[in-house]
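Each remark here refers to the structure printed beneath this line.
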Amino acid sequence: MSDHDFISGSKPIPLERGEGSSLYSTDGTEYLDAGASYACTPLGHSHPAVVDAVQEQVGKLTFVDSSFPVQSREDAYAALVASTPDGLESAWFCNSGTEANEAALKFARSATGNSKIIAATRSFHGRTMGSLAATWKDKYKKPFEPLAGDVEFVPYGDSEELAEAVDDETAAVILEPIQGEGGINVPSAGYLETAREVTDEAGAALVFDEVQTGMGRTGSMWACQNAGVTPDILTTAKGLGNGLPIGGVVVADWIADGAASHNATFSGGPVVTAAVHATISTLVEEEWPAHAASMGDYLTTELEARLGDEVREVRGEGLLIGIELKRGANRAARDLAINHQVLALPAGRTVLRLLPPLVIDQEEADQLVDALGAVIAPDESDS
Ligand SMILES: *Cc1c(COP(=O)(O)O)cnc(C)c1O
């Protein structure tokens, strides 16, 4: 849309306002946001708890660097660490998902003294040089090579291949508990447990990239809690500040103790951490992860009933849902937006991805199912 931005793809819908799961364009049209701009607004758009916290903080103290203690930062660190499994005891804030993974890989290297990284096929960990090196798709990588070396890829979900790849020269295994960009891929049972066992045996760090799966979306605050597996390093971003730009790394003591010099100027700024504290507090106190679990079950059941034979699969956990289509996902997403005022996201060529705000209600879920039915299984919606 912009004459000055040479990167961003354009969706010709000029948006100006948001509330809950709804977005409104400048001409007043209401859209159901089933993508939450890549899972960035778990509490829905312009949630009052976050808006109030940010407005108060920006007027009081907009920024000081992280060498000064500031209450909003202290509160955000405490809330983030409390939300993660026992064993993850300290955290560090950065500004994005790729920066969180970049830090995770650096911390793993300095804590282990090793450099080898094991990543999975179809992974996505971000677009800075280190995270990109652990990202699968050649389209994102090739034009920028050489990237940070020493990354070996193993097939996602294959416990045997993973066990074989990890040895005493491994610094880290980095995995998404459920892959997002790669197509909403849920690993087979026991895969994350195997990752835990083999990294423990080798003395390597297990990194879970929860940038997309975290913040309550899968029914627990963190997807690793569903599997009962605690990593050594957990990374987050996207929904962490309900739309404000912030990432975080939560680590076990041995990683914190072995972390060499690392920081960022904007780390844990007062305004973005005010957003983090408000977001996590509201998610936890109002039990939105449990709502995500039940709405996710409802949506998945309704989608399977409605779309039936017209799709290859409906998969995911909670409100992280992928619909594997028999045809292109881009076209379906465009049709949904233009003809049904529903905003969804592709994840790869044939997977349509639903990442609605966790606050989506049953009426909105029904609207989503109706729209998807009309686009994907039009014969049935006519009858
Ligand atoms: C989006 C994403 C990233 C990158 O986050 P940015 O904030 O865009 O840098 C990393 N990992 C996963 C799993 C993601 O979904």
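Some observations on this one:
- Yes/no for Thr236 being within 13 Å of the chain's Cα centre (by Cα) and either in contact (Cβ under 8 Å) with a residue 40 or more places away in the chain or under 30 Å from Leu162 (Cα atoms) (or both): yes
- In segment 80-105, the residues that are in contact with a Ser or Thr (Cβ under 6 Å, 6 or more places away or on another chain), small (Gly, Ala, Ser) and part of a helix (DSSP H, G or I): Ala100, Ala104
- Out of Ala100, Ala36, sole residue that is open to solvent by less than 10 Å² (accessible area, probe 1.4 Å), hydrophobic (A, V, I, L, M, F, W, C), in contact (Cβ under 8 Å) with a residue 40 or more places away in the chain and closer than 16 Å to Gly247 by Cα: Ala100
- Just one of the listed residues (Gly219, Gly180) is in contact (Cβ under 8 Å) with a residue 24 or more places away in the chain and more than 16 Å from the ligand (Cβ to nearest atom), namely Gly219.
- Wholly enclosed strands (runs of 3 or more DSSP E) of segment 282-383 bearing at least 2 residues of a type in the set (Asp, Glu): 311-317
- Residue check for Thr230: surrounded by fewer than 24 Cβ atoms within 10 Å (Cβ to Cβ), within 19 Å of the chain's Cα centre (by Cα) and more than 24 Å from Leu23 (Cβ to Cβ): yes
- When we screen Val359, Val311 for residues that are under 20 Å from the mean Cα position of the chain (by Cα), crowded, with 17+ Cβ neighbours inside 10 Å and at negative phi, the only hit is Val359.
- Selection status of Leu61, touching a strand residue (DSSP E or B) at 6+ places or on another chain (Cβ under 9 Å) and hydrophobic (A, V, I, L, M, F, W, C): no
- Look at segment 241-262: where a residue is touching a residue at least 60 places away in the same chain (Cβ under 8 Å) and on the phi > 0 side of the Ramachandran plot, no partner that is away from the ligand (no atom under 16 Å from the Cβ) and open to solvent by 50 Å² or more (accessible area, probe 1.4 Å) sits 6+ places away or on another chain with Cβ atoms under 6 Å.
The values are calculated or read from the model by the stated rules, or taken from the named source; none is laboratory data. Just so you know, these numbers come straight off a predicted model, no measurement behind them. Don't worry about glycine lacking a Cβ; one is built from the backbone with ideal geometry, like all the others, and counts go over all protein chains shown. Side chains included, ligands, DNA and RNA excluded: accessible areas come from the protein's heavy atoms. Shrake-Rupley method; radii C 1.70, N 1.55, O 1.52, S 1.80 Å.
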